[in-house]
Amino acid sequence: MSRDFTWRDAGRTVVFRRGGVGAAVEVLREHGVGEFELLSTERALVGANRLMESASRVHLVARGQVPAAAAALMDALAPPPQAEEGVQVRPLVALGGGRVVDVAKAVAAISGAEVVAIPTTLSGAEMTGIHRLPEGAEERAKAMARPSLVIADPEAMTGQEERDLRASAMNALAHGADTLYLPLSNPVSEMTALRGAALIASALDEERETRDRAALALGSILCGYAIDSAGIGLHHLVCQTLVRLCGTPHAETNAAILRPALAYLAERAPEPYERLASALSTSRNGLAERVAELGRPKRLGDLGDDAHVDEAIEAMQKRPELRSVPGPPTREDLMRLVQQAW
């Protein structure tokens with residue numbers, strides 16, 4: 001079992017603790033967070049009574065995409081432009097999955113609030129300064145926001161039903177796998193990506209009842225650190241665009257796209273993907289099948305409408321990150337990749 005720990009990393013602290021949700025109020029106080037606004041969902045709030053009671057206010061994050069959900073909370077959480085100077089804003093504590101954490105980051109990019117993340121999935125959003133901005137307020141953004149405190153409770157992070165958990169875990173694994181060839185890839189991002197991928201795979205190979213959930217959660221955190229350091233590559237630019245334009249679910253899209261994306265990348269950047277294959281206990285030629293075995297993804301055709309796929313491919317081609325992909329992929333390559341997952 002992975003041990004509990006506190007990791008301080010240049011302006012960010014990760015408190016990895018079993019029972020962390022139950023102890024969150026104490027952890028917040030230990031790190032100087034007294035009054036705070038709590039962002040969450042009805043599902044994530046179950047069992048978080050102390051956190052709710054301690055919050056100044058509780059805000060339920062609406063379903064849907066981050067820009068609209070963040071915009072809906074702007075009046076309550078971000079001062080109007082004419083009042084911003086000198087206005088003190090309470091820290092935002094985000095208890096939930098990646099959408100909840102990203103909404104908190106989006107609002108904080110406008111308000112300047114400190115963000116505390118208490119993740120309940122393996123989204124990795126708690127480890128990154130990568131997010132979209134609230135609709136209608138993009139020009140007011142001060143800077144992208146990264147949580148300064150993460151309370152990582154492995155039981156909370158790995159409590160989803162098995163199919164959902166595996167999809168979330170493939171999103172996490174992809175955070176590491178997608179960074180290995182990028183210009184900003186570095187020894188630290190590579191080390192965390194490969195170690196995180198190995199932890200995720202070994203945990204998913206275990207039976208659910210005896211699984212090392214702390215190892216699975218730690219793997220997600222390490223892969224999240226890797227993508228925050230090295231940046232976004234092919235897999236994530238494809239997935240983000242499909243989610244935005246085709247309406248497919250985030251984690252399931254990541255799980256479905258990972259297999260064809262790795263097959264493409266492993267052929268064009270063999271050296272880093274030999275190392276990833278070794279971390280996953282397979283060969284480079286077996287990477288695609290290995291992640292399919294781990295993630296057991298659904299077909300995207302069962303999850304969304306293909307009416308906007310052409311539009312999505314055009315949008316992918318305009319993403320600046322595409323220039324860093326070995327190749328880089330043509331329109332036909334991108335369409336083939338999506339069709340293999342659809």
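Where a number appears in this text, it was derived from the coordinates with a stated rule and is not lab data. Just so we're clear, the structure is a prediction, and the values are computed from it rather than from any experiment. In this analysis, Cβ positions are derived from the backbone assuming ideal geometry, glycine residues included, and neighbour counts consider all displayed protein chains.
If I stretch the segment between Ser281 and Arg50 completely, what's the gain in nm (0.36 nm per residue apart, minus their alpha carbon distance), one decimal? Write out the running numbers ahead of the final one.
Numbers: separation 231, 0.36 × 231 = 83.16 nm, distance 4.25 nm.
Going from the current span to full extension adds 78.9 nm.
Rounded if a/c is under 1.5, else prolate if a/b beats b/c, else oblate: with a ≥ b ≥ c from the C-alpha gyration tensor eigenvalues square-rooted, which is segment 206-302? Rounded, because the longest to shortest axis ratio a/c is under 1.5. Gyration tensor analysis over the Cα atoms of segment 46-133 returns equivalent ellipsoid semi-axes of 20, 16, 12 Å (largest first, whole Å). Taking label positions 7 Å along the Cα-Cβ direction at both Asp4 and Glu293, the computed distance is 3.6 nm, reported to one decimal.
Near the amide H of Gly96, within less than 5 Å, lie the amide hydrogens of Ile118, Thr120, all on another chain or at least 5 residues away, with H placed in the peptide plane. Peptides 314-322, 228-236, 257-265, 209-217 ordered by packing proxy, namely the average of other Cβ atoms within 10 Å per residue, highest first: 257-265, 228-236, 209-217, 314-322. Between the residues Leu294, His175, Pro249, the greatest Cα displacement towards the positive end of the dipole of segment 162-341, with unit charges on the Cβ of Lys, Arg, Asp and Glu, is found for His175. Mind running the shape call on segment 122-169? Use the C-alpha gyration tensor, a ≥ b ≥ c as the square roots of the eigenvalues: rounded below 1.5 for a/c, prolate if a/b tops b/c, oblate otherwise. It is prolate, given that a/c is not under 1.5 and a/b is the larger ratio. Projecting the Cα atoms of Pro134, His236, Gly219 onto the dipole axis of the chain, where Lys and Arg carry +1 and Asp and Glu carry -1 at the beta carbon, places Gly219 farthest toward the positive end. When both bridge partners sit in the chain, DSSP labels roughly 20% of those beta bridges antiparallel. Subtracting the Cα-Cα distance of Glu42 and Glu26 from 0.36 nm times their residue separation leaves 3.5 nm of extension gain. Looking at the chain, the pairs of alpha carbons with a distance over 24 Å make up 53% of the total.
When each of the peptides 59-65, 28-34, 132-138 is scored by the mean number of other C-beta atoms lying within 10 Å of its residues, the order from highest to lowest reads 132-138, 59-65, 28-34. Principal semi-axes of the equivalent ellipsoid, √(5λ) from the alpha carbon gyration tensor of segment 5-157, are 23, 16, 15 Å from largest down. Charging the Cβ of each Asp and Glu at -1 and of each Lys and Arg at +1, and nothing else, the dipole of the chain about its Cα centre rounds to 320 debye. Fully extending the segment from Met144 to Leu184, taken as 0.36 nm per residue of separation minus the present Cα-Cα distance, adds 12.6 nm. The magnitude of the dipole of segment 65-203, with charges of +1 and -1 set on the Cβ of Lys/Arg and Asp/Glu and taken from the Cα centre, is near 160 debye. For segment 8-57 and segment 251-311, compute the distance between their C-alpha centroids and round to whole Å. Taking the Cα centre of each part, segment 8-57 and segment 251-311 sit 34 Å apart.
Here segment 162-341 is treated with +1 on each Lys and Arg Cβ and -1 on each Asp and Glu Cβ, and its dipole about the Cα centre works out to around 180 debye. Ranked from largest, the principal axis spans of the Cα set of segment 142-189 equal 36, 28, 21 Å. Distance distribution note for segment 261-342: the fraction of Cα pairs above 23 angstrom is 32%.
Sequence-ordered 3J(HN,Hα) estimates for segment 193-210 from the Karplus curve with 6.51, -1.76 and 1.60 and θ = phi - 60° stand at 4, 6, 5, x, 4, 5, 5, 4, 5, 5, 5, 6, 6, 7, 5, 4, 5, 10 Hz, glycine and proline given as x. Note on Asp205 and Asp305: with the Förster distance fixed at 30 Å, the Cβ-Cβ geometry gives a FRET efficiency of about 0.30.
The calculated pair-distance distribution of segment 162-341 uses every alpha carbon pair, bins of 10 angstrom beginning at 0, and gives 11, 42, 37, 10, 1 percent. Straight-line cross-link partners of Lys142 among the lysines, defined as a Cα under 28 Å from its Cα and at least 8 positions apart when in the same chain: Lys105, Lys318.
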